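First up is the structure itself, then whatever we jot down about it.
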Amino acid sequence: MEGLGEAEIMIVVLLILIPLLTGLAAFFFKDQRSVRFWALFSSVITLVVSLLSMTLLKDPQWISFHAAWMESLGSSFSIKLDGLGQMLCLLTAVSYPLIFLATWQTSYRNAKQFFALMLLAQAGLMGVFLSMDALLFYFFWELALIPMYFLCSQWGGEKRIAVTFKFFIYTFVGSILMLVAIIFVHSMTPDNSFSIESFYSAAIPHNQQDLLFWLFFLAFAIKMPIFPFHSWQPDTYEQSPPATTMVLSGVMVKMGVLGLIRWLLPVLPMASWAWGNVVTSMAIVGMLYASLIAIRQDNLRRLVAYSSIAHMGLMCAAIFSVDNLGLQGVMIQLFNHGINIIGLWIVVDWIEKTTGTRKISELGGLAQRAPALTILLVIVALANIGLPLTNAFPGEFLMFSGIMGSKATIFYAWFTAFAGLTIILAAVYMLNMIRKVFYGEGNSLSAGIRDIGWNEKFALGILVAIIFALGVYPQFLLNMTEEISGFLLGKTDVLHLIKK
Amino acid sequence: MFHIDSMKLLLGFIVLWPLAGFLINGLGRKYRSKKAIASYACSLIFASFVVSVFAFFKVNSNGGEVIHYFDFIRVGSLHIPFEFQVDQLTCIFLLIITGVGLLIHVYSAAYMKEESQEHYGRYFSFLNLFIFFMLILVLGANYVIMFIGWEGVGLCSYLLIGYWFKNNEYNKAANKAFIMNRIGDLAFLIALFWLVNKLGTVSFSEVFQAQNLQRLSSGDITIITLLLFVGAAGKSAQIPLYTWLPDAMAGPTPVSALIHAATMVTAGIYMVARSNALYSLSSLSMNVVAITGLATAILAATIALKQNDIKKVLAYSTVSQLGYMFLALGVGAYSAGVFHVMTHAFFKALLFLAAGSVIHAMGGEQDIRNMGGLSKKIRITFITFLVGCIAISGIPPFSGFFSKDAILLAAFEHNKILYAVALFGALLTAYYMFRLFFLTFSGSFRGKPEQEQHLHESPPRMTVPLIILAILSLVGGFVGIPAVLMNGGDRLSAFLSPVIPIQTGETVSHSTELALMGISTLAVIITIVIAWLNFRHYRMKEEKGFGKILENKWYVDELYEQVIVRPIAWMGNFFSSIFERSVVDGMVNGVGRAVQYGSRQLRLLQSGQVGSYVLLMVVSILVIFIIQFFLRK
């Protein structure tokens, strides 16, 4: 193969390479100010590359890359930007600059390490979303997670050590299970390969699919998280530094969803079909469970955390509907959920920084002091509860339509109705939060505060613009997902498989 | 130049003017004078009204049209376009929304003038946004676009009920309205998911096609129509989802007139009337609609008998009148339901605005026990309020007579018991309305002396809308004169016939029809006389027994609190403080202990040194990986 200077260094590689190299370089910076600019600069370049890869340079020659790597094991460095990858890479690329910007004033000990780890995590995330080789996928999965442990344990809140340990145990168990499952499937591929094509064509007997299904599912369910494997998440979100929480909740949990869609459903279609009812029930119980807890939460961070569990549960249920509407709904929601939750975190972070508390019961009357923040928050909150003309509505509409139209279950109407209850509960906890924190008379905590600064206003403003743009014209995202959804469902067509 | 696609432009303008008003006033509220804010808001709605009149004449001559703008959602075989449909039914709503909306905007300009500039701007931007969403609701050519408007108006209602956001009770009322509406919205959505999966379309023109209707089983149709009706019950405040509407009176009075009387709450009636092709295929759903409507009409009327807040009486009256509209829909008299929407928009908007004028004169007082004898002090308000009371009671030739008569007649043709109960409700209506009227305007003044000093008629910007609405309440019924009184008098049903086919079932004889009219008119007049005898000289007294139950609204709010709100809170507490800690976390901790590896890791993490070690590890892995990559080339 020719050298690096040739045009064959594909744009898609840059998505991983830029954050990787800039992240490593960040270790060598001296002061906080310059490394902060460096990180922002890096993330903006990544965003530009990501946008280019979806518009001008979207021909196959640019967006897929294949090179030899550990051939003896049957693994290769194979990455490709398909519709699902596009969605998630775009989300990663959009999130990072906004996160850096929104937390611009936050000061860190060892800032260079903080930003270096953030960027390394971004490289890992991009790799997870692009990998077309199971071993490579696993490698990037770990590469994304390891910086997160450090970010939580070094820069987190008071209980960071215990919480990071819990987070570590959870994800470590998940990773091990996934590795076992990957090796298992590898041994059954016709050509002893880790490539995704080989995984898709592996003939796995029905009885062994069941075990593999649960290995994979646990790994991904922990990451999303799905009830009852979620208890690392509220703690971690509460204790992590805000910028890390934004990456974790906005982007990293999507690794689990991607895993289900790309590495579970088409690889183990029979088991996915057979266990669909069980998994969907778990997801929906979790949705209701998390929503009910969110209603009684007095801690802003945990409120957002439980709200996110409910939203991820809906995605899981929609995936196992094995329906085109549901699957495309999930794919566009991957992006939209990230946008909305990052918006919520920006607001929560600002409230904590300004008032010194995250307790809802201690807050009140912020609207009088911070009208701009209130308007932006209300829009983000409405998007979070899926109001039409915001970005979340089309995704939720399609996911619910998919669950209702599922041919994988006979309980489709019940699933839809119970999952639908969270539409009401979401309005309850979000509006109550707004009422208690922003409306009413002010108190001593809100007395002296000023409205949000330029950086938060800018970041939230962009998020709100995205919320409306994608709410009015969701087709922009749906155009990306049509092909990949059809492709994956073709692999999952159980009725066809049975005939064969 | 308007030749090719003039309707596309017209409809675009109808919705874009209010949206522009929302943006101009919303973004510029700090920089514009109150006068500028009010004139932007009013003139843009006026522009919308003028365009609506054009659209009306165009539809009148050319019939309805569907206008395509862009693809909203296109996934696989599911195609949900962003399309507007303008036909006879839509036109009537367009005129009500922009016409009555304009009058209320003008009235608001004076009514809200005490507000600070910034909040004044916020108020008008919300009001314009409401008009925008309401227009989307009635213009949408499929259920999803309708749903956009449907939730949008709910949002504006929420924002305006909680307009005075420092008052926590008002905020609670706003939340209650939004959440109760969401319960209905969920049912609406499930109906849409059902349609998507059974028919693959949600467009009106396709769903109501005969061959598509045949593809739906009768069970499907019943489920879809019942779910849609639950949605309608939420928005239009029917049993069991009506309790938010009286609380919604926390909003400024013009908001109550516009959103919670004339327009938004009639969205449910619009939706059922729009879906008449579906409803007519399910007699079960029709019966549910009729009985729910009638039960709501009676229940709300009984509560209204004992309320002392001028706005609360009108709120329960609205719930009750909406019930009549559903009764009409349920017995198949869709156009009578729409007719009542129209006349109700006139007289109820009038009553609310006149009540606002009373409250304004009384310096914010809303309790009618502290009023009395206002007739001489605020002459225009008094006369217009009286017109409203006569109209809602149904005395000819006021508008309410014709629309209520159409509903009663349809009920009579359907079932005599329905008719008798509905007539009883009509008498209750006359009784509580005239109780309100006499308590407010006759007898002697019962308020504080300083309030009496303060009494004054409202400025022209408030009284002119009152006078216009009073005239409409008087003559608005003439578009629907029954055939027995004037041949071809029912112009409204004829106009609506392309959307709502005229019923050709059994009809009662002309003499029976005339007798029914005579009976109801006579009974209403007797009721008013009784109300006069009881309330012309009101003396305050404690309510006891049944009266107390009515005063406390049958304790329905308390019941909901015990049966729904508390159990949900209890479950949330149980899950978060007990289940989550002991069961879910306990499981994890068990796993954690089982993993021996874990303890070592914990020690390492706590030592603080681990950072650099594992960092080194990650970097080494990366280096190995990169070397591998280049070596293999």
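If I ask for residues that are within 14 Å of A:Phe137 (Cα to Cα) and touching a Lys or Arg at 6+ places or on another chain (Cβ under 6 Å), which ones from region A:245-273 would you list?
A:Met255, A:Gly256
Being under 29 Å from B:Gln209 (Cβ atoms) and small (Gly, Ala, Ser) is the filter here, so list the residues in region B:486-538 that pass it.
B:Ser493, B:Ala494, B:Ser497, B:Gly505
Grab the helices (runs of 4 or more DSSP H) fully contained in region A:392-489, keeping just those with 3 or more residues being at the interface with another protein chain (Cβ under 8 Å from one of its Cβ atoms).
Passing ranges, in order: A:392-404, A:412-438.
A:Asn277 versus (1) crowded, with 23+ Cβ neighbours inside 10 Å; (2) away from chain B (no Cβ under 14 Å): which is the lone unmet condition?
Every listed condition holds for A:Asn277 apart from (1).
Do you know which residues across region B:21-38 are in contact (Cβ under 8 Å) with a residue 24 or more places away in the chain and hydroxyl-bearing (Ser, Thr, Tyr)?
Scanning region B:21-38 gives a single hit, B:Ser33.
What are the residues in region A:61-76 that are over 26 Å from the mean Cα position of the chain (by Cα) and part of a strand (DSSP E or B), if any?
A:Ala67, A:Ala68
Out of B:Leu127, B:Leu159, B:Leu137, I need the residue that is closer than 18 Å to A:Met433 by Cβ and more than 8 Å from chain A (Cβ to nearest Cβ). Which one?
Checking each option against the conditions leaves just B:Leu159.
In region B:421-469, what residues are closer than 18 Å to B:Glu365 by Cα, out of contact with any Gly (no Cβ under 6 Å at 6 or more places or on another chain) and among the aromatic types (Phe, Trp, Tyr)?
B:Phe437, B:Phe438, B:Phe441
What residue, among those in region B:163-188 that are more than 7 Å from every other protein chain (Cβ to nearest Cβ) and surrounded by 24 or more Cβ atoms within 10 Å (Cβ to Cβ), is nearest to B:Pro246 (Cα to Cα)?
B:Ala177
Considering region A:226-248 alone, what residues qualify as being touching a Leu at 6+ places or on another chain (Cβ under 9 Å), away from chain B (no Cβ under 14 Å) and either among the polar types (S, T, N, Q) or more than 16 Å from A:Tyr306 (Cβ to Cβ) (or both)?
A:Ser240, A:Pro241, A:Ala243, A:Thr244, A:Met246, A:Val247, listed by residue number.
Using the structure shown, decide if B:Gly219 is of a type outside the set (Asp, Glu), touching a strand residue (DSSP E or B) at 6+ places or on another chain (Cβ under 8 Å), within 14 Å of chain A (Cβ to nearest Cβ) and surrounded by fewer than 21 Cβ atoms within 10 Å (Cβ to Cβ).
It is false that B:Gly219 is of a type outside the set (Asp, Glu), touching a strand residue (DSSP E or B) at 6+ places or on another chain (Cβ under 8 Å), within 14 Å of chain A (Cβ to nearest Cβ) and surrounded by fewer than 21 Cβ atoms within 10 Å (Cβ to Cβ).
Among the candidates B:Ile359, B:Ile303, single out the residue that is part of a helix (DSSP H, G or I), touching an Asp or Glu at 6+ places or on another chain (Cβ under 8 Å) and either on the phi < 0 side of the Ramachandran plot or surrounded by fewer than 24 Cβ atoms within 10 Å (Cβ to Cβ) (or both).
B:Ile359
Just one of (1) facing chain B (nearest Cβ under 10 Å); (2) within 30 Å of B:Gly200 (Cα to Cα); (3) without any contact (Cβ under 8 Å) to a residue 12 or more places away in the chain trips up A:Gly386, so point out which.
(3)
So which residues in region B:569-583 are within 7 Å of chain A (Cβ to nearest Cβ) and either within 16 Å of A:Thr422 (Cβ to Cβ) or of a type in the set (S, T, N, Q) (or both), if there are any at all?
Of everything in region B:569-583, those that are within 7 Å of chain A (Cβ to nearest Cβ) and either within 16 Å of A:Thr422 (Cβ to Cβ) or of a type in the set (S, T, N, Q) (or both) turn out to be B:Met571, B:Gly572, B:Asn573, B:Phe575, B:Ser576.
Among the numbered criteria (1) touching a residue at least 60 places away in the same chain (Cβ under 8 Å); (2) in contact with a strand residue (DSSP E or B) (Cβ under 8 Å, 6 or more places away or on another chain), which one does B:Gly489 miss?
Only one criterion is unmet by B:Gly489, namely (1).
Here are A:Val304, A:Val330, A:Val322: which of them is β-branched (Val, Ile, Thr), within 14 Å of chain B (Cβ to nearest Cβ) and either within 25 Å of B:Arg581 (Cα to Cα) or not in a helix (DSSP H, G or I) (or both)?
Residue meeting the stated conditions: A:Val322.
Just a yes or no: is a residue in region A:353-361 at the interface with chain B (Cβ under 8 Å from one of its Cβ atoms), surrounded by fewer than 24 Cβ atoms within 10 Å (Cβ to Cβ) and among the charged types (D, E, K, R)?
No, region A:353-361 has no match at all.
Matching residues to (1) within 14 Å of chain B (Cβ to nearest Cβ); (2) touching a Phe, Trp or Tyr at 6+ places or on another chain (Cβ under 7 Å); (3) surrounded by 21 or more Cβ atoms within 10 Å (Cβ to Cβ); (4) at pLDDT below 90:
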position: A:Glu71; (1), (2), (3), (4): yes, no, no, yes
position: A:Leu88; (1), (2), (3), (4): no, yes, yes, no
position: A:Phe100; (1), (2), (3), (4): no, no, yes, no
position: A:Ser107; (1), (2), (3), (4): no, no, no, yes
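Looking at region A:170-193, which of the residues that are in contact (Cβ under 8 Å) with a residue 12 or more places away in the chain and within 14 Å of chain B (Cβ to nearest Cβ) is surrounded by the most Cβ atoms within 10 Å (Cβ to Cβ)?
Going through the qualifying residues, I end up with A:Gly174.
Restricting the search to region B:365-385, which residues are over 30 Å from B:Leu89 (Cβ atoms) and under 25 Å from the mean Cα position of the chain (by Cα)?
Scanning region B:365-385 gives B:Gln366, B:Asp367, B:Phe385.
Go through region B:224-248 and give me each residue that's crowded, with 24+ Cβ neighbours inside 10 Å and within 17 Å of B:Phe165 (Cα to Cα).
Residue satisfying the conditions is B:Ala248 alone.
Go through (1) at the interface with another protein chain (Cβ under 10 Å from one of its Cβ atoms); (2) closer than 17 Å to A:Ile342 by Cα; (3) surrounded by 17 or more Cβ atoms within 10 Å (Cβ to Cβ) one by one and return the number of the condition A:Ile375 breaks.
A:Ile375 satisfies every listed condition except (3).
Of the conditions (1) farther than 15 Å from B:Thr243 by Cβ; (2) under 17 Å from the mean Cα position of the chain (by Cα); (3) not polar (S, T, N, Q), B:Ala333 fails just one. Which one is it?
With (1) farther than 15 Å from B:Thr243 by Cβ; (2) under 17 Å from the mean Cα position of the chain (by Cα); (3) not polar (S, T, N, Q) applied to B:Ala333, the lone miss is (2).
The values are calculated or read from the model by the stated rules, or taken from the named source; none is laboratory data. None of the values given here were measured: they were computed from a predicted structure. Note: ideal-geometry Cβ built from the backbone for every residue, glycine included; neighbour counts use all protein chains shown.
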